[in-house]
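Undergrad: This is the structure I have questions about; it appears just below.
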Amino acid sequence: MNTGGEVMTKAIVIHETGGPEVLRYEDCLVPTPKAGEALIRHCAVGLNYIDIYYRKGFYPPPALPFVPGGEGSGVVEAVGPDVTDFKPGDRVAYATGPIGSYTELRAFPVDKLVKIPESIDFGVAAAMMLKGMTARYLLHATIGIQPGDRILFHAAAGGVGLIACQWAAHLGAEVIGTVGSDEKAELARRNGCSHVINYRKENFVARVREITGGAGARVVYDSVGRDTFSGSLDCLQPRGMLVSFGQSSGPVPPVDILQLSAKGSLFLTRPILSAYVATRVELQQTAEDLFGVVASGAVKIAVTARYPLAEAAKAHVELESRATTGSIILIP
């Protein structure tokens, strides 16, 4: 195909930050891939809560207007002049690098691309790359989960939660999950959780203490933020770690670090995936580990909703409702 600047593609464009209504479906020019880039035709695009943070302006975009989205899968259509590791026809996916996946076609840096096995379809790849690689760094790199470890995972029936809880159970951890409904509780039990707490009916701190015989958890994974942060600290064993990796309920207020010593010399981290796949070696290892547990059947990826790219606003409403389970993808 002609990859010159006159080729058009459809994309979701944000001209000003705000609610779902700012997601506009528009024509955009397709750039020619430069050195170090490949032109990708998306087959599926991942939807993640970080997209909402960018849409609202919680995370500053590179500029306005911009195309949101950080995850996608598809086929290479053309490559830049110096690219040798990828060729047209390669099946690829990504979950780090410049935002801009809510589009049919895009030029993307090849050092952030990985090839996906034939056994994994495009929809599953788009649904699992960011969430699955997040689960991998949470369990293996932020703190190495060992057999017998007790962990608490908030939003256990969410996109990251379903993957991480299965993976943690596969590693031999005793997984305690929190959810917001009885339906989500049953889903969490089927996906690695030994114990499930419906936080709308029970005090999760008291239940964690009961489940652990007062000992607490070695690590708490918290993507909820404001509503759960303080309680999460109270769920930890001495020298335990709180991994705060999201804020779906709102930003965490300023923290007095003396709380950490008072509650048992606790550790606190606020990680982000890009720091754990910063090198090509780290990216490849993380992706290969993810593909391995999915191919083995140890972790199953639930794609629970598919929306046309043009209906991205509807998908954002569903995700932001916090009533979703599994992964939502957009189809260009």
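Undergrad: Which ³J(HN,Hα) values in Hz, rounded to whole numbers, follow from the phi angles of the stretch 327-332 under the Karplus curve 6.51 cos²θ - 1.76 cosθ + 1.60, where θ = phi - 60° and Gly and Pro get x?
TA: In residue order, the calculated couplings are 10, 10, 10, 10, 10, x Hz.
Undergrad: Here's another thing I want to ask about it. Starting from the 7 Å offset along Cα-to-Cβ, what nm value, one decimal, do you get for the label separation of ILE257 and HIS170?
TA: 3.6 nm
Undergrad: Continuing with the same structure: Suppose every K and R has +1 on its Cβ and every D and E has -1 on its Cβ; what is the size of the dipole of the stretch 146-270 about the Cα centre, in Debye to the nearest 20?
TA: That gives the stretch 146-270 a dipole magnitude of about 100 debye.
Undergrad: Please report, in debye to the nearest 20, how large the charge dipole of the chain is about its Cα centre when each Lys and Arg carries +1 at its beta carbon and each Asp and Glu carries -1 there.
TA: 700 debye
Undergrad: Another question, then. What do you get for the angle between helix 159-170 and the principal long axis of the chain? Use alpha-carbon atoms, 0 to 90 degrees, nearest ten.
TA: 60 degrees
Undergrad: Shifting gears a bit: Between GLU183 and ASP82, what is 0.36 nm times their sequence separation minus the Cα-Cα distance? Round to one decimal in nm.
TA: 31.2 nm
Undergrad: Would you list which aspartates and glutamates come within 14 Å of LYS314, measuring only between C-alpha atoms, while excluding same-chain residues fewer than 8 positions from it?
TA: Leaving aside aspartates and glutamates fewer than 8 places away in the same chain, those within reach of LYS314 are GLU21, ASP51.
Undergrad: With charges only on Cβ, +1 for K and R and -1 for D and E, what is the dipole size of the stretch 195-332 about its Cα centre, in debye, rounded to 20?
TA: Charge dipole, the stretch 195-332, about its Cα centre: 200 debye, nearest 20.
Undergrad: Rounded to whole Hz and in sequence order, give me ³J(HN,Hα) for the stretch 257-262 from the Karplus expression 6.51 cos²θ - 1.76 cosθ + 1.60, θ = phi - 60°, writing x for Gly and Pro.
TA: 5, 5, 4, 5, 6, 5
Undergrad: Shifting gears a bit: For the stretch 52-149, just run the numbers: alpha carbon Rg, then divide by 2.2 N^0.38 Å, N being how many residues it has.
TA: Ratio of Cα Rg to 2.2 N^0.38 Å: 1.25.
Undergrad: Can you flag which of LYS184/LYS263; LYS87/LYS112; LYS56/LYS131; LYS34/LYS112; LYS56/LYS184 are past 24 Å Cα-Cα?
TA: LYS184/LYS263; LYS56/LYS184
Undergrad: Placing +1 on the Cβ of each Lys and Arg and -1 on the Cβ of each Asp and Glu in the chain, which of LEU268, ILE331, ALA44 has its Cα farthest towards the positive end of the resulting dipole?
TA: Going by the charge dipole, the pick is LEU268.
Undergrad: Another question, if that's okay. If each Cα of the stretch 130-233 is one equal point scatterer, what is log10 of I(q)/I(0) from the Debye formula at q = 0.12, 0.14, 0.23 Å⁻¹?
TA: Taken in order of the listed q values, log10 I(q)/I(0) reads -0.32, -0.45, -1.31.
Undergrad: Within the stretch 1-70, report the GluC sites (Glu not before Pro) that DSSP leaves as loop and that have at most 12 other Cβ atoms within 10 Å.
TA: Taking the stretch 1-70 and a limit of 12 other Cβ atoms within 10 Å, the loop GluC sites (Glu not before Pro) found are GLU6, GLU16.
Undergrad: Can I ask one more? Relative contact order for the chain using alpha-carbon pairs under 8 Å, separation at least 6, rounded to a whole percent?
TA: Result for the chain is 17 percent.
Undergrad: Moving to a separate point now. Restrict the search to the stretch 1-87; then list the trypsin sites (Lys or Arg not before Pro) that DSSP places in a loop and that have at most 15 other Cβ atoms within 10 Å of their Cβ.
TA: LYS34
Undergrad: When DSSP assigns beta bridges and you keep just the ones with both residues in the chain, what percent turn out antiparallel, to the nearest 5?
TA: Taking every DSSP beta bridge with both residues in the chain, the antiparallel ones total about 55 percent.
Undergrad: Plugging the Kirkwood radius over Cα pairs into Stokes-Einstein for the chain, at a temperature of 20 °C and a viscosity of 1.002 mPa s, what D comes out in µm²/s?
TA: Stokes-Einstein gives a translational diffusion coefficient of 105 µm²/s.
Undergrad: Applying 1/(1 + (r/R0)^6) with R0 = 22 Å to the Cβ-Cβ distance of ALA310 and LYS34, what FRET efficiency is obtained, to the nearest 0.05?
TA: 0.20
Computed from the coordinates by the stated procedures, all read-outs in this text should not be read as laboratory data. Nothing here was measured: the structure is a model prediction, and the numbers come from that model. Using ideal geometry, Cβ is built from the backbone for each residue, glycine included, and neighbour counts are taken over all protein chains shown.
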